[in-house]
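Undergrad: One structure, as structure tokens, below. Some questions next.
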Amino acid sequence: MADVVLLDLWVSPFGQRCRIALAAKGVAYEYREQDLSNKSELLLRSNPVHRMIPVLLHGGRPVCESLLIVQYIDEAWPVAPRLLPGDPYARAQARFWADFVDKKIFDCGTRLWKCNGAALEQATRDMIEALGALEAELGGKDYFGGEDLGFLDVALAPFTSWFRTYEQCGGFAIAEHCPGLAAWADRCRGRDAVASALTDPDKVYEFALTLKKKFGDK
């Protein structure tokens with residue numbers, strides 16, 4: 001086994017966070033795609049509590065949960081770019097907004113492809129509100145980390161591959177409601193570390209339609 005191994009799923013925005021962080025740090029690693037319908041013995045052994053991806057194996061030792069993995073990568077390979085700021089308050093703020101992404105963007109996005117009718121309309125309003133809050137936090141900066149990618153950029157960037165899905169399901173345009181955030185997404189996709197990790201938005205949309213057919217509200 002390679003010294004650094006990532007157990008992941010191609011379309012997972014959580015796994016893509018880890019891929020972006022590893023690429024940004026220039027860390028060589030072995031990627032192992034996982035079948036969540038037939039979980040590997042390595043995955044079950046590495047994450048016996050949640051039995052989910054992503055899992056980073058470093059020297060055979062597992063690190064689980066995507067945001068914790070990104071923090072671990074930043075600390076285990078303390079080379080530029082540093083993803084978490086040195087100031088304790090700024091570090092706490094970055095973690096707060098990354099948690100906001102997990103609790104708000106992921107939840108609203110799931111409801112957008114899953115729901116219909118009034119529930120879909122509410123999910124659309126909630127998503128626009130959540131994206132607006134992130135745009136306000138971005139302000140006039142190029143990146144949430146300032147002049148370079150930071151912790152929140154890495155946490156949110158994978159969800160930009162889902163933007164088309166959100167727009168198609170919710171019937172709105174992110175650029176109209178949050179032009180600053182849309183421009184940020186374009187800048188992120190122009191970075192090699194990000195572009196190499198993200199899934200094509202068309203493939204994500206096809207995947208979301210498959211999920212809706214199987215698990216969506218009838």
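Yes/no per residue for (1) in contact (Cβ under 8 Å) with a residue 12 or more places away in the chain; (2) open to solvent by less than 50 Å² (accessible area, probe 1.4 Å); (3) within 22 Å of GLY190 (Cβ to Cβ); (4) over 15 Å from the mean Cα position of the chain (by Cα):
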residue: VAL5; (1), (2), (3), (4): yes, yes, no, yes
residue: VAL11; (1), (2), (3), (4): yes, yes, yes, no
residue: GLN16; (1), (2), (3), (4): yes, yes, yes, no
residue: ALA21; (1), (2), (3), (4): yes, yes, yes, no
residue: ASP35; (1), (2), (3), (4): no, no, no, yes
residue: ASN38; (1), (2), (3), (4): no, no, no, yes
residue: HIS50; (1), (2), (3), (4): yes, no, no, yes
residue: ILE53; (1), (2), (3), (4): yes, yes, no, no
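Undergrad: Among the numbered criteria (1) small (Gly, Ala, Ser); (2) open to solvent by 40 Å² or more (accessible area, probe 1.4 Å); (3) without any contact (Cβ under 8 Å) to a residue 40 or more places away in the chain; (4) over 30 Å from ASP217 (Cα atoms), which one does ALA90 miss?
TA: (2)
Undergrad: Those residues that are open to solvent by less than 50 Å² (accessible area, probe 1.4 Å), among the aliphatic types (A, V, I, L, M) and free of Cβ contacts under 8 Å to residues at least 60 places away in the same chain, I need them from segment 112-138; list them, please.
TA: LEU112, LEU120, ALA123, MET127, ILE128, ALA130, LEU131, ALA133, LEU134, LEU138
Undergrad: Can you tell me which residue in segment 200-218 is farthest from GLY15 (Cα to Cα), limited to those that are out of contact with any helix residue (DSSP H, G or I) (no Cβ under 9 Å at 6 or more places or on another chain) and open to solvent by 80 Å² or more (accessible area, probe 1.4 Å)?
TA: Only one residue tops the list, namely LYS218.
Undergrad: Another one. Residues in segment 191-199: is at least one acidic (Asp, Glu), out of contact with any Asp or Glu (no Cβ under 6 Å at 6 or more places or on another chain), farther than 20 Å from ASP107 by Cα and surrounded by fewer than 13 Cβ atoms within 10 Å (Cβ to Cβ)?
TA: yes
Undergrad: Now, a different point. For segment 161-169, check the following and say yes or no: at least one residue is within 17 Å of MET127 (Cα to Cα), within 18 Å of the chain's Cα centre (by Cα) and of a type in the set (Asp, Glu).
TA: Yes, segment 161-169 contains a residue that is within 17 Å of MET127 (Cα to Cα), within 18 Å of the chain's Cα centre (by Cα) and of a type in the set (Asp, Glu).
Undergrad: Sticking with this structure for a sec: Any residue at all in segment 68-86 that's free of Cβ contacts under 8 Å to residues at least 40 places away in the same chain, among the β-branched types (Val, Ile, Thr) and either crowded, with 16+ Cβ neighbours inside 10 Å or at positive phi (or both)?
TA: Among the residues of segment 68-86, not one is free of Cβ contacts under 8 Å to residues at least 40 places away in the same chain, among the β-branched types (Val, Ile, Thr) and either crowded, with 16+ Cβ neighbours inside 10 Å or at positive phi (or both), which makes the answer no.
Undergrad: When segment 55-74 is examined, which residues are found to be small (Gly, Ala, Ser) and under 17 Å from the mean Cα position of the chain (by Cα)?
TA: Matches in segment 55-74: SER66 only.
Undergrad: Look at segment 167-218 and say how many of its residues are outside any helix (DSSP H, G or I), among the acidic types (Asp, Glu) and touching a Lys or Arg at 6+ places or on another chain (Cβ under 8 Å).
TA: 1
The values are calculated or read from the model by the stated rules, or taken from the named source; none is laboratory data. Bear in mind the structure is a predicted one, so any value in this text is a computation, not a measurement. All Cβ positions, even for glycine, are placed from backbone atoms using ideal geometry, and neighbour counts span all protein chains on display. In case anyone asks, the SASA skips ligands and DNA or RNA and just uses the protein heavy atoms, side chains included. Shrake-Rupley method; radii C 1.70, N 1.55, O 1.52, S 1.80 Å.
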